[in-house]
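Take a look at the structure set out below.
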Amino acid sequence: IDGLIIPWTIDNKYYTASVDFWLDEPAIDSLKETISAYSETDNGVGQVVDAFIYVFKQPDDFGGIHQWSPFLENCEPAIRLSVTHEEASTSNDTYFEDWCLENQFGYIDINQPPSDIPMDKSGYDLVVDELHTNMWDGLSRKDGKKTEVRLPDLKLEHDKSIGTEKKKDDDELPTKEDIGKMHDQLFGDIDQDDGLDRALQSLQAMREKGKDLPDEERRKMAAQVALSFAAQLGL
């Protein structure tokens, strides 16, 4: 499968982009030579690479990612992902995550079960979501009409007859004011020339911020993001 090119058309609400994925699996004994060839500034490879995905199966295979540093310094891709699956998903996850955080990588366990938190994706869905957040070279923007923001009509008055458990769940719902603030933060500049760029950057920053929050705070923020998206889409 070395040298296989996989074309993919990314089509979402904001843009369409044709992206080619170059699949390579260099042998261990030729890894340094392969990376050195990719890192040569005169071959132009670094100028067309805007995403780097390192996939590994065994925990010991993770060490190979360090050797790609010269290439990454040369091309500076907007997206850096380290994806693990099968046997690699072990107690070493903490080490993998810490290293990726320090080296500007996103760490994704492809076998992680889906989350029940809105907008909190995992596994394969998270990989795809990360790729959709990038502004690919040559993308075609979609013309969007300015629509009136319609905030969801949340039930803010709790029915005491439902019980304390239901009341606790309702108390965790964000208020209209919270949703409005989140919507302004994400989509306040959406109608500007670079509005889409700003929205995607804000969403990425929000995702990174959520990683360091306690579970309760992360759920609240995820709900605010999800409902602000619903407001933007007029749902």
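FYI, it's all coordinate maths here, none of it is from the lab. The structure presented is a predicted model; accordingly, all values stated were derived computationally and were not measured. Neighbour counts run over all protein chains shown; Cβ positions are idealised from the backbone, glycine included.
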### Query
So, with +1 on the Cβ of K and R and -1 on the Cβ of D and E, and no other charges, what is the size of the charge dipole of segment 4-140 about its Cα centre, to the nearest 20 debye?
280
### Added length on full extension, which subtracts the Cα-Cα distance from 0.36 nm per residue, SER36 to SER140
34.1 nm
### Query
Which far-off residues, 5 or more places away or on another chain, put their amide H under 5 Å from the one on SER82, with H placed in the peptide plane?
TYR54, GLY106, TYR107, ILE108
### Query
On full extension of the chain, what length is gained from ASN111 through THR133, given 0.36 nm per residue of separation minus the C-alpha to C-alpha distance?
5.8 nm
### Summary
Convex hull around the C-alpha positions of segment 4-140: the volume in Å³ per residue is 121
### HN-Hα J in Hz across segment 137-142 - Karplus 6.51, -1.76, 1.60, θ = phi - 60°, x for Gly and Pro
5, x, 5, 10, 6, 9
### Query
What distance in nm separates the simple spin-label points at HIS66 and ASP197, each placed 7 Å from Cα in the Cβ direction?
3.7
### Message
Given a Förster distance of 45 Å, report the FRET efficiency between ASP20 and LYS181 from their Cβ-Cβ distance, rounded to the nearest 0.05.
### Response
0.70
### Task
Show the residues, 5+ positions off or on another chain, whose built amide H is closer than 5 Å to the amide H of SER115.
SER122
## Note on the structure
With a 21 Å threshold on alpha-carbon distance, the violating pairs from LYS121/LYS209; LYS121/LYS211; LYS13/LYS209; LYS13/LYS121 are LYS13/LYS209
### Message
Test of understanding: ordering SER36, SER202, SER82 by Cβ neighbours within 10 Å, fewest first, what list do you get?
### Response
SER36, SER202, SER82
